[in-house]
Amino acid sequence: MRAVVLRSFGPYDDARVEDVAVPQPGPGEVLMEVHAAPVNFVDLLVISGKYQFLPKLPFTPGKGPVGVVTALGEGVTNLKVGTRILAMAEQGGYAQYALAPAKSCYALPDGLSYTQAGAMSLAFDTSWFALRERARLQPGETVLVLGATGAVGQASVQLAKAMGARVLAGISSRAKEAQALAAGADGVVDLSAPDLRESLRAQVHAQTDGKGVDIILDPLGGDVFDAAIRALAWCGRLVVIGFAAGHIPSVKVNYLLVKNIEVSGLQVSDYRKRRPEQVAQCYREVFDFYVQGKLKPLAASELPLDNFAQALRAVEERTAQGRMILLPWSAA
């Protein structure tokens with residue numbers, strides 16, 4: 001089979017597509033024929049050696065591949081050969097075949113294509129855990145999604161709406177307002193407005209009768225975090241998902257006490273390792289929402305496996321048109 005192989009941590013241009021043996025599933029594993037391999041920002045961290053959990057060298061990168069089961073390891077009873085799956089494997093997706101733990105594989109609903117499922121991988125599960133687990137969202141609450149036009153942001157807007165929330169979308173410019181509203185947001189908060197520290201809270205209060213928002217999902221960090229925490233309502237919850245905007249912020253804990261607010265973090269890969277049954281619950285609900293027409297898969301751009309470096313560069317430089325998806329069986 002053909003697979004992207006990395007023999008040392010460093011630049012992604014050092015990786016190569018090689019002919020390697022098809023792996024064989026061990027106990028509790030399945031072998032899948034990969035039809036869509038999502039390219040994620042976390043892949044850049046793993047390839048460069050900067051991620052907190054690193055595989056042994058050499059390895060094939062790629063989390064969350066989508067495809068069809070072709071062989072079962074000993075003891076696997078929850079899947080059958082021929083089942084279409086999304087597999088939350090931690091590596092190996094950039095290949096024509098990949099191994100995955102059977103407990104981390106989720107059958108796709110009818111009508112959801114491989115590419116569409118790949119575009120949902122690592123976006124909707126992150127959003128689900130932020131909303132359901134960390135923020136404990138209740139119907140009728142108001143959620144501010146920062147970075148609302150990114151992959152996790154778009155997923156969060158849709159999921160929060162499906163869960164019964166009112167949603168405000170934090171956008172980097174007014175030019176993205178139409179996109180945020182089309183995704184289901186009830187209103188927008190312009191993060192490019194002057195004096196962000198004051199203007200963010202003013203925009204939120206204007207749309208919440210001065211109350212503030214119950215929940216904030218923050219994949220940005222930096223100055224945006226510092227401004228956003230001031231827009232939380234009494235007993236509000238802010239979930240830290242990442243630091244795409246720059247520096248890692250800090251918080252004065254006396255402020256948490258005075259307003260009875262919470263700040264928590266989300267490292268979703270830990271849930272995959274520690275609570276696989278909860279990840280299964282996540283995907284059951286996400287796929288149910290899809291079947292009910294409450295969720296739309298994110299836009300995606302498809303590239304053949306040989307163009308993996310191009311896809312990674314687009315993610316790194318934030319020029320990707322939608323989610324980047326590698327098609328391992330397509331000719332370059």
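Coordinate-derived values only; no laboratory data. Since we're looking at a predicted model, the values are computed, not measured. Please note: Cβ atoms are built from the backbone with ideal geometry, for glycine as well, and neighbour counts cover all protein chains shown.
Listed values, structure above:
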{"read-out": "Rounded to 10°, Cα long-axis angle of helix 196-206 versus longest principal axis of the chain", "value": "80 degrees"}
{"read-out": "Angle in degrees between helix 151-162 and the longest Cα principal axis of the chain, rounded to the nearest 10", "value": "70 degrees"}
{"read-out": "√(5λ) per eigenvalue of the Cα gyration tensor, region 124-266, largest first, Å", "value": "19, 17, 15"}
{"read-out": "Least to most buried among His35, His247 (fewest other Cβ within 10 Å first)", "value": "His247, His35"}
{"read-out": "GNM result for the chain, Cα springs below 10 Å: residue of Phe53, Phe243, Phe225 fluctuating most strongly", "value": "Phe53"}
{"read-out": "Fully extended contour minus Cα-Cα distance, from Cys235 to Lys211, at 0.36 nm per residue", "value": "7.5 nm"}
{"read-out": "Full-extension gain in nm, Glu277 to Lys259, via 0.36 nm per residue minus C-alpha separation", "value": "3.0 nm"}
{"read-out": "Gaussian network model of the chain, Cα within-10 Å springs - most flexible of Val189, Val291, Val239", "value": "Val291"}
{"read-out": "Degrees separating the helix 276-291 axis from the principal Cα axis of the chain, which is the longest one", "value": "80 degrees"}
{"read-out": "Global form of the chain, assessed from the alpha-carbon gyration tensor, a/c cut-off 1.5", "value": "prolate"}
{"read-out": "Region 1-135 shape via C-alpha gyration tensor axes, a/c threshold 1.5", "value": "oblate"}
{"read-out": "Cα-based shape type of region 68-175, given that a ≥ b ≥ c are square roots of the gyration tensor eigenvalues and the cut on a/c is 1.5", "value": "prolate"}
